[in-house]
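A.B. asks: One structure, pasted below without further comment.
The values are calculated or read from the model by the stated rules, or taken from the named source; none is laboratory data. On a predicted model such as this, the values are computed, not experimentally measured, just so you know. We place every Cβ from the backbone using ideal geometry, glycine too, and count neighbours over all the protein chains shown.
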Amino acid sequence: MTKPGRPGAGGKGKKGMMKGSGGHGRKKLSGRGPTPKAEDRTYHKAHKRKQLADRSAAKHPQKSGAPRRRPNDDNEYVTGRNSVLEALRTKIPATTLYIAQRVEMDDRVKEMLSIAHKRDLPMLEVTRPELDRMAGFDGVHQGVALKVPPYEYAHPQDMLEKIIATGETPLMVALDGVTDPRNLGAIIRSTAAFGGQGVIIPQRRSAAVNSAAWKTSAGAAARIPVAMASNLTSTLKDLKKQGVFVLGLDGGGEVQMPDIELADRPLVLVIGSEGDGLSRLVTETCDQIVSIPISQAAESLNAGIAASVALYQVSTLRAAADAD
């Protein structure tokens, strides 16, 4: 007696080769299709995780392709011995001082440690790779870093009122389309060096006071306030109503820098980007467009250098006027 075979298995009752269908019945053997992904199966844990992630993304929308921010991304790191020491001296609200392992001690590092100790500022010893990460791609930390909260910008009107309260003649710098934070840092440093009292940046299309600007300013960002204008043109018009003259720097200016007659007045110098220069609306708002005479060997000046030359010229003319 033969045993019953498995359902669907070929029988052994006949000898020799069995004749097949030639594939004519293939359509009758259609399956259920590909297996759904785990996150698409309502009974699977992955489906619940996907629903939670979608609800979280809806509450906190993020631009497509934008990198996710770490919880401490809002912090900035001031790096370099001069910058860190100047920031500590001016008592900016730092949160942590980082020192590299086996750091080479000099007078600056000793003073940093002393100030941090007196202020009860937490001090941590970290590896150099960790400091490299804090300093960024092209940063130089020299074995020290200082964690600081996001920069608090002043209001242009408040900044002007504080300058007037000191009895000084206002000298400010406004930036129009300067997007390199290193240029911003250099301009802050030059403003401090040549008697300026503040810098104004627009809310859009502008570099921010970040770690790169802090580094380039060599600590001047701790002493020179930076104000943010929601609309630069409107802010310049408001300053003009209060007696501040607006001078725009442009290669095609009708007056060369050494010949300006407004140096002893309250001034705001407007610096445009190296590529596009001043925008049309800002140009129309300026009281005067001045140029810096340069050799034909150079087409233009970097924004940071142009600001330095202009500030030096104004400070020289003011010193000469005071001497008279």
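A.B. asks: Looking at region 96-126 only, could you name the residues that are surrounded by 12 or more Cβ atoms within 10 Å (Cβ to Cβ) and either in contact with a Phe, Trp or Tyr (Cβ under 7 Å, 6 or more places away or on another chain) or among the polar types (S, T, N, Q) (or both)?
C.D. replies: THR96, VAL126
A.B. asks: So VAL282 passes all but one of these: (1) exposed (fewer than 15 other Cβ atoms within 10 Å of the Cβ); (2) closer than 15 Å to GLY177 by Cβ; (3) touching a strand residue (DSSP E or B) at 6+ places or on another chain (Cβ under 6 Å); (4) hydrophobic (A, V, I, L, M, F, W, C). Which condition number does it fail?
C.D. replies: That leaves (1) as the condition not met.
A.B. asks: If GLN256 satisfies all but one of (1) farther than 24 Å from ILE164 by Cα; (2) free of Cβ contacts under 8 Å to residues at least 40 places away in the same chain; (3) crowded, with 16+ Cβ neighbours inside 10 Å, what's the number of the condition it fails?
C.D. replies: (3)
A.B. asks: Every residue in region 206-245 that is surrounded by 20 or more Cβ atoms within 10 Å (Cβ to Cβ), in contact with an Asp or Glu (Cβ under 7 Å, 6 or more places away or on another chain) and modelled with pLDDT of 95 or more, please.
C.D. replies: LEU232
A.B. asks: A further question follows. Might you let me know whether region 160-181 holds any residue that is among the small types (Gly, Ala, Ser), in contact with a helix residue (DSSP H, G or I) (Cβ under 6 Å, 6 or more places away or on another chain) and in the same structural domain as PRO266 (by TED's automatic domain parsing)?
C.D. replies: No.
A.B. asks: Next question. So ASP250 passes all but one of these: (1) of a type in the set (D, E, K, R); (2) at pLDDT 85 or above; (3) within 29 Å of GLU152 (Cα to Cα); (4) crowded, with 18+ Cβ neighbours inside 10 Å. Which condition number does it fail?
C.D. replies: Among (1) of a type in the set (D, E, K, R); (2) at pLDDT 85 or above; (3) within 29 Å of GLU152 (Cα to Cα); (4) crowded, with 18+ Cβ neighbours inside 10 Å, ASP250 violates only (3).
A.B. asks: Here's a check for you: in region 140-163, which residue that is among the aliphatic types (A, V, I, L, M) and not in a loop (DSSP other than H, G, I, E, B) is nearest to GLN203 (Cα to Cα)?
C.D. replies: Once the filter is applied, the top-ranked residue is ALA154.
A.B. asks: Looking at region 98-121, is at least one residue under 30 Å from VAL268 (Cα atoms), out of contact with any Pro (no Cβ under 8 Å at 6 or more places or on another chain) and not assigned by TED's automatic domain parsing to the domain that holds SER234?
C.D. replies: no
A.B. asks: Quick check on ALA321: is it in contact (Cβ under 8 Å) with a residue 12 or more places away in the chain, surrounded by 16 or more Cβ atoms within 10 Å (Cβ to Cβ) and part of a helix (DSSP H, G or I)?
C.D. replies: Answer is no for this residue.
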